[in-house]
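Here's the structure we're looking at; comments come further down.
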Amino acid sequence: MNTLLSIAIFAGLFCASSQQVASDAIIPVDQEYCWTSWYDRDHPSGTGDWELLVDLWTEYPGQICNKPVVIEAHTLSGIPAVLTGDVYTSHPLYGFVCLNNQQKSRSCLDYKVRFMCPCRSD
């Protein structure tokens, strides 16, 4: 019963925020998960703000796990992406993309992302 309640509360927290859970993620309740640091490798110049996981792995080797289960995106000032009005795409296995040409203002805000991964045991 406690496990089911924990899962329900866990799922509810993610639905009410700017966090995106991988649709194929199986999150074991017996494993501890931790957030990474925040990362901001791109700015909304050019075509938009591209915070792709593959690019983050290259720029920050060893800091983000191979299969994150959750991604969270905020503006640099800390506003959750879901509250900004920007149109964006987000997935923990791919990253975050906001395209300038999809915005009413013709420019995305500047975003940072973090990922939820299994906690390191080192």
Karplus (6.51, -1.76, 1.60) ³J(HN,Hα), θ = phi - 60°, over the stretch 58-64, in Hz, Gly and Pro reported as x: 5, 7, 10, x, x, 9, 10
Placed amide H near Tyr33: partners under 5 Å, 5+ positions off or other chain: Cys119
Treat each spin label as a single point 7 Å out from the Cα along the C-beta direction, and report the Arg41 to Ile79 distance in nm. 2.6 nm
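A short reminder: the numbers here are calculations on the coordinates, not readings from a lab. Bear in mind the structure is a predicted one, so any value in this text is a computation, not a measurement. Positions of Cβ are generated from backbone atoms using ideal geometry, with glycine treated the same way; all protein chains shown enter the neighbour counts.
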